[in-house]
Amino acid sequence: GTNYQLARWAEEGAKEAGAEVKVLKVPELAPQSAIEGNPVWKAHVESTKDVQEVKLDDLEWADAIIFSVPTRFG
């Protein structure tokens, strides 16, 4: 949830500056068993299920992109 919270803060700041913003996610690559084994992770996945996944058109639409990566990719 840390990366998602950072994304929401970036969204808030960008909107305050007048930008049009999309908060999107990439497809989850972790096995479902890993997610199920961690109650916090599972709750986060459930709470963000309505966040749209990024598409190539979104990349073309954007003038700027902010990336955030979970520490498991460290």
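FYI, it's all coordinate maths here, none of it is from the lab. This is a predicted model, so every value here is computed, not measured. Positions of Cβ are generated from backbone atoms using ideal geometry, with glycine treated the same way; all protein chains shown enter the neighbour counts.
A few comments on the model shown:
- Exclusive hit being over 19 Å from ARG72 (Cα atoms), surrounded by 10 or more Cβ atoms within 10 Å (Cβ to Cβ), under 12 Å from the mean Cα position of the chain (by Cα) and not β-branched (Val, Ile, Thr), set ALA19, ALA10: ALA10
- The residues of the range 14-53 that are in a helix (DSSP H, G or I), in contact (Cβ under 8 Å) with a residue 24 or more places away in the chain and under 16 Å from SER68 (Cβ atoms) amount to a single one, HIS44.
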